[in-house]
Structures are given as structure tokens and as C-alpha cells.
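The structure appears below as C-alpha cells.
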């Protein structure tokens, strides 16, 4: 145990400059966390919630593009594999997409 502590002490003495740089970097990284932990914080993106819902939410054009791409990719997979099990995967992906866009919106 003494040997390990002595080794750590020798290492810290030999690398004072490097250790001080690392400690300064850790302190700088923690400063924003401390600054933003105050209770008087405001949500700066709250005004953009309607835009996000209309772009990524349920019924958006992006959702329609996802559905078209899913059908197109499943047709390509069907032509390559020639198995109808691909369409079961399509149904599963469409259900997942529907749930994901419902959660977003």
C-alpha cells in the first residue's frame, strides 16, 4: 500500500503541469453545468415547438416521405430476396415509424 501511494506521489510530482491542465479543463467543463443548474432557467426553444411538430410530428410531410421510402426499400428487398416475409418487415417498420412520429408530435 505504501508503495502504491509513493508511486502516485512521484507521478503527481513529475507531472504537475499536465495534471494542472487536466484539472483546469475539468473545471471549465463543469462551469456551464453549474451555471445552468439555477432554478430561474427558461426554455429558449419553446417558441419553436409548433415548427418542430409540423415538421417532424404525426401527419407531417417528412412522415409521408418516410412511408414512401419504406415501401420503395421493401419492394427492392422483395425483388432481391423473392420472399413475402419482406412485407411483414414493412408492416413492422411502418408501425414503428407511426409510433415514433406520434411520440415526436
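With each run of n ≥ 4 DSSP H residues scored as -39500 (n - 2.57), what mean residue ellipticity at 222 nm is computed for the chain after dividing by its residue count and rounding to the nearest 500 deg cm²/dmol?
Dividing the helical sum by the residues of the chain leaves -26000 deg cm²/dmol.
To check my understanding: the extent here is largest minus smallest coordinate of the Cα atoms along each principal axis. What are those three numbers for the chain, in Å, largest first?
Principal extents (largest minus smallest coordinate, Cα): 69, 44, 22 Å.
Report the FRET efficiency, 1/(1 + (r/R0)^6), for residue 68 and residue 48, where r is their Cβ-Cβ distance and R0 is 30 Å, rounded to 0.05.
FRET efficiency, residue 68 to residue 48: 0.70.
For a Förster distance of 41 Å, can you work out the FRET efficiency between the beta-carbons of residue 98 and residue 31, rounded to the nearest 0.05?
With R0 = 41 Å, the Cβ-Cβ based efficiency is 0.45.
FYI, it's all coordinate maths here, none of it is from the lab. What you see is a predicted model; the values in this text were computed from it and never measured. Neighbour counts are summed over all protein chains in view; Cβ atoms, including those assigned to glycine, are modelled from backbone coordinates with ideal geometry.
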